[in-house]
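The values are calculated or read from the model by the stated rules, or taken from the named source; none is laboratory data. Just so it is clear, the structure is predicted and the values come from calculations on it, not from any experiment. Ideal geometry is used to build each Cβ from the backbone, glycine not excepted, and the neighbour counts take in all protein chains shown.
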């Protein structure tokens, strides 16, 4: 997926979430079995460790769709930047 398509997909998902029309994609039993063989997230998201905020939910994405790094205090260090660089 190209970056523009990914951003549109995330924004569309957020629109569904905020209007009550979330689809909750890629969460079936069969899909979870497929994830045993690996993951191919479409985006990496660096977010606060706040338990009230889950990117998978607010962007209406499924299991394995996002690589989420949560950290407390919004303190980004080299370790987090390396993770984000590696998964590109």
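Quick rundown of the values:
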| read-out | value |
| --- | --- |
| Leading residue by the ranking (modelled with the lowest pLDDT) among those in segment 68-88 that are closer than 30 Å to residue 29 by Cβ and in contact with a helix residue (DSSP H, G or I) (Cβ under 7 Å, 6 or more places away or on another chain) | 69 |
| Boolean, residue 65 is modelled with pLDDT of 90 or more, touching a helix residue (DSSP H, G or I) at 6+ places or on another chain (Cβ under 8 Å) and either farther than 23 Å from residue 82 by Cα or surrounded by 13 or more Cβ atoms within 10 Å (Cβ to Cβ) (or both) | yes |
